[in-house]
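The values are calculated or read from the model by the stated rules, or taken from the named source; none is laboratory data. All values derive from a computational prediction rather than experimental measurement. Because the Cβ atoms are built from the backbone with ideal geometry, glycine has one as well, and the counts that use them run over all protein chains shown. Calculation scope for accessible area: heavy atoms of the full protein, side chains included, ligands and nucleic acids excluded. Shrake-Rupley method; radii C 1.70, N 1.55, O 1.52, S 1.80 Å.
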Amino acid sequence: MAAAQIAPGFSVGDLLTLRREFPILHQQVHGKPLAFLDSGASSQKPQRVIRALTEYYERTNANVHRGVYQLSEQATFAYEQARGKVARFIGARSPRELIFTRNTTEAINLVANAWGGANLRPGDRILLTVMEHHSNLVPWHMLAQRSGAVIDYLQIDGAGRLVLDDLKRKLAGVKIVALTHQSNVLGTITPVREIAAQAHAAGAVVLVDGAQSVPHMPVDVQELGIDFLAFSGHKMCGPTGIGVLWGRKALLDAMPPFLGGGSMIRTVTLAGSTYADVPARFEAGTPAIGEAIALGEAVDFLGEVGMERIHAHEQELTVYALDRLAEVAGLKVYGPLSADDRGGALSFTLDGVHPHDIAAVLDGEGIAVRAGHHCCQPLHTLLDVPATARASFYLYNIPEEIDRLAAGLVKARKLFT
Ligand code: 7TS
């Protein structure tokens, strides 16, 4: 997206107000103010989301879809209301297209098992990209092993962008394309709409891993023209233990169940079972009720702040961080070096300093970053580094935290070289 097209980010006043809503941010770590730069792993939660969770347990807690008593009806109403809020947030046609899962990982496993099990035959092809998180690789590896399907990968160029020259050829015989919308390592935003259109023309369905996009930019499933979208509540100001699979209704309706048990059946006899309609068919057992309700509160919050503004703010931070990090001697950033087609996950290495040592020195400065392979081992093999350090931004981060990051990196380099 060109800078001119995006809404302006936040004013200093907006940011101060926003930050006040996140109680965890206002603490000292090792005697320094916390600079939380690891929202790519899990975001912090505003007070109103924490309150929604505790209020559920204090006032409404009861199992859903079973009791006729008032509390159970209230819990069911709130749970289904949350489904509606999240569905609207991503532009779904109906809340019935939205399945609550534990996280992105479970949502992708659901599709690989239920859709993949029913649709893939030996020799069918699955198309992924080399920059996928393990949760969008391993379920397909497992499916390929079970079904005899074959996996191919879209490659990346030196700047970390997908190579699409040979997309048409790679799509031949492909039944499903599964790709990330935003890389959790490189920050690359992928051209999902273009890939989905070509994939559909080739007869494939498209699953998008939205774990790093839905929290950070406006995502509309109709506009993207995709078939499945997976994302996690905990990365978008919601609680852990709640995630989402959105799917086109016709595809979901045709899919057999993934997990079996209570709540997902129509009838059970000793001879066998028949299954409920979607979404109940895919929500076996007692769901994460309070967490779903609190995720509903999180999307209300994000919607009120405005996803365009959140994206614009993160782009401003990313431009600033790319500038500041370029001043650090020996530092190499991976992924696109312009903010136009990247989000605010910045992975880097520092000559002579192991990424874990970078993270430890920064921790001493009160700065939280992640180090490691970020669940993207194949990508790190390709980049020819065992690990990187990563700073990732969200709506509550401020430029001063990036100044502290740059200073911390200079200090780490001095300590270790
Ligand atoms: N896909 C992407 C692109 C991710 O970044 C992550 C988590 C997942 C899937 C899995 O999400 P989960 O909620 O099911 O665990 N990424 C990270 C990360 O980058 N650091 O910690 C978790």
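Just to check I understand the Karplus step: with θ = phi - 60° and J = 6.51 cos²θ - 1.76 cosθ + 1.60, what whole-Hz values come out for region 395-407, glycine and proline as x?
Running phi through 6.51 cos²θ - 1.76 cosθ + 1.60 with θ = phi - 60° gives 4, 8, 7, 10, x, 4, 5, 6, 4, 5, 4, 4, 5 Hz.
Starting from one equal scatterer on each C-alpha and no solvent at all, send me the Debye-based log10 I(q)/I(0) for region 261-308 at q = 0.22, 0.32 Å⁻¹, two decimals.
Reported log10 I(q)/I(0), two decimals: -0.78, -1.06.
Specify whether the C-alpha gyration tensor of region 1-99 places it in the rounded, prolate or oblate class, a ≥ b ≥ c being the square roots of the eigenvalues: rounded for a/c under 1.5, otherwise prolate if a/b is larger than b/c and oblate if not. Intermediate results must be reported in sequence, preceding the final value.
On the way: a/c = 2.89, a/b = 1.47, b/c = 1.96.
Taking the square roots of the gyration eigenvalues as a ≥ b ≥ c, region 1-99 is oblate.
What 222 nm value per residue comes from the helices of the chain, counting each DSSP H run with n ≥ 4 as -39,500 (n - 2.57) and dividing by all residues, nearest 500 deg cm²/dmol?
Calculated mean residue ellipticity at 222 nm is -11000 deg cm²/dmol.
Applying a 10 Å radius around every beta-carbon, put 142-150, 66-74, 231-239, 81-89 in order of their mean neighbour count, most first.
Numbers: 142-150: 16.1, 66-74: 12.6, 231-239: 27.4, 81-89: 20.4.
So the order, starting with the most tightly packed, is 231-239, 81-89, 142-150, 66-74.
For region 230-250 and region 1-72, what is the separation of their Cα centres, given in Å?
Centre-to-centre (Cα) distance: 15 Å.
Output ³J(HN,Hα) for region 70-76: one whole-Hz value per residue in order, computed from phi by the Karplus curve 6.51 cos²θ - 1.76 cosθ + 1.60 with θ = phi - 60°, and x for Gly and Pro.
4, 4, 5, 5, 5, 5, 4
Lys414: which aspartates and glutamates have alpha carbons under 15 Å from its alpha carbon, excluding same-chain residues fewer than 8 sequence positions away?
The reachable aspartates and glutamates, counting only those whose Cα sits under 15 Å from Lys414, are Glu327, Asp351, Asp357, Glu365.
Can you tell me which of Glu55, Glu297, Glu97 moves the most in a GNM of the chain? Springs connect C-alpha atoms under 10 Å apart.
Glu55
Given 0.36 nm per residue, what is the gain on full extension from Glu308 to Gln155 after removing their alpha carbon distance, in nm?
Values: separation 153, 0.36 × 153 = 55.08 nm, distance 2.93 nm.
Extra length from Glu308 to Gln155 when fully extended: 52.1 nm.
What residues have an amide H closer than 5 Å to that of Ala35, excluding those fewer than 5 places away on the same chain, when H is modeled at 1.01 Å from N in the peptide plane?
Ile367, Ala368
I'd like the orientation of helix 192-201 relative to the chain: the angle between its Cα long axis and the longest Cα principal axis, in ° from 0 to 90, rounded to 10.
Between the helix axis and the principal axis of the chain, the angle is about 40 degrees.
Dividing the alpha-carbon Rg of region 223-378 by 2.2 N^0.38 Å yields what?
Values: Rg = 21.8 Å, N = 156, 2.2 N^0.38 = 15.0 Å.
Here the answer is 1.45, to two decimals.
Between Ala407 and Ile24, take the C-beta separation as r, use R0 = 30 Å, and let me know the FRET efficiency to the nearest 0.05. Please list the in-between numbers first.
On the way: r = 23 Å, r/R0 = 0.76.
Calculated transfer efficiency: 0.85.
Report in % the part of the accessible area of the chain that belongs to carbon and sulfur, leaving out ligands and nucleic acids; probe 1.4 Å. Walk me through the intermediate numbers first.
Details: 9190 of 16840 Å².
Percent of accessible area from carbon and sulfur atoms in the chain: 55.
Would you mind checking region 359-377 for residues with the amide N under 14 Å from a putative spin-label position 7 Å along Cα→C-beta of Ala41?
Counting backbone N atoms under 14 Å from the label point, the list is 359-364, 366-376.
Distance check, please: which entries in Lys235/Lys332; Lys45/Lys411; Lys235/Lys411; Lys85/Lys170; Lys45/Lys85 exceed 28 angstrom between their Cα atoms? Show your work: numbers first, answer last.
Numbers: Lys235/Lys332 26 Å; Lys45/Lys411 31 Å; Lys235/Lys411 30 Å; Lys85/Lys170 37 Å; Lys45/Lys85 18 Å.
Pairs exceeding the cut-off: Lys45/Lys411; Lys235/Lys411; Lys85/Lys170.
What are the ³J(HN,Hα) values, in whole Hz, obtained from phi via the Karplus relation 6.51 cos²θ - 1.76 cosθ + 1.60 with θ = phi - 60°, for each residue of region 30-35 in sequence order, with x given for Gly and Pro?
6, x, 10, x, 4, 10
Rounded to the nearest angstrom and ordered from largest down, what semi-axes does the equivalent ellipsoid of the chain get from its C-alpha gyration tensor (root of 5λ)? Present the calculation step by step, with values, prior to reporting the outcome.
Working: eigenvalues 252, 157, 66 Å².
Its equivalent ellipsoid spans semi-axes of 35, 28, 18 Å.
Taking only protein heavy atoms and a 1.4 Å probe, what accessible area per residue, in Å², does region 50-303 have with all protein chains in place? It would help to have the intermediate numbers written out before the result.
Working: 9960 Å² over 254 residues.
Counting only protein heavy atoms, the per-residue value for region 50-303 is 39 Å².
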